[in-house]
Amino acid sequence: MYLKPSVPIHIKNNIRKSLSKAFTPLGITDWNSLFWIVHPGGKKILDELLNELKLDKEKLLATRRVLAEYGNIGSGSVIFVMDEMRKRSKGKATTGEGAQFGVLLGFGPGLTIETTVLRAIAIPN
């Protein structure tokens, strides 16, 4: 799969607007308070998200693991990232690595950004 060099820049330039539209009504403005399920569309996309949003690098570890193991396998890859997140949540309070809310980001043709608010499930002690 070929990724045009402009794609990460377009995502970088529009991600804050997309996130704000989804999370401001919930009173959430701290992107590091969320867990992150991101379509692993490429290393450059993930790097741009990390830098633009000033995310802790740990926030994208599940996505980077899926990218390293499977590559960019399309939008369905977010299911693989969700499974990786579930595995990383063992011993935590929720299935979102301990966070209550998270974001699922998917990227599609013509450069669409799909933003979904997620709520983690509590893990019983």
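Some points to look at:
- Near pairs, Cβ below 8 angstrom, 6+ apart or cross-chain, from segment 14-32 (over 19 Å from I113 (Cα atoms)) to any residue that is in a helix (DSSP H, G or I): N32/K59
- Taking segment 33-50 as the range and being out of contact with any strand residue (DSSP E or B) (no Cβ under 8 Å at 6 or more places or on another chain) and without any contact (Cβ under 8 Å) to a residue 24 or more places away in the chain as the test, only L50 passes.
Bear in mind these aren't lab numbers, they're just calculated from the coordinates by the rules spelled out. As the structure is a computational prediction, the values presented were derived from the model and not from experiment. Because the Cβ atoms are built from the backbone with ideal geometry, glycine has one as well, and the counts that use them run over all protein chains shown.
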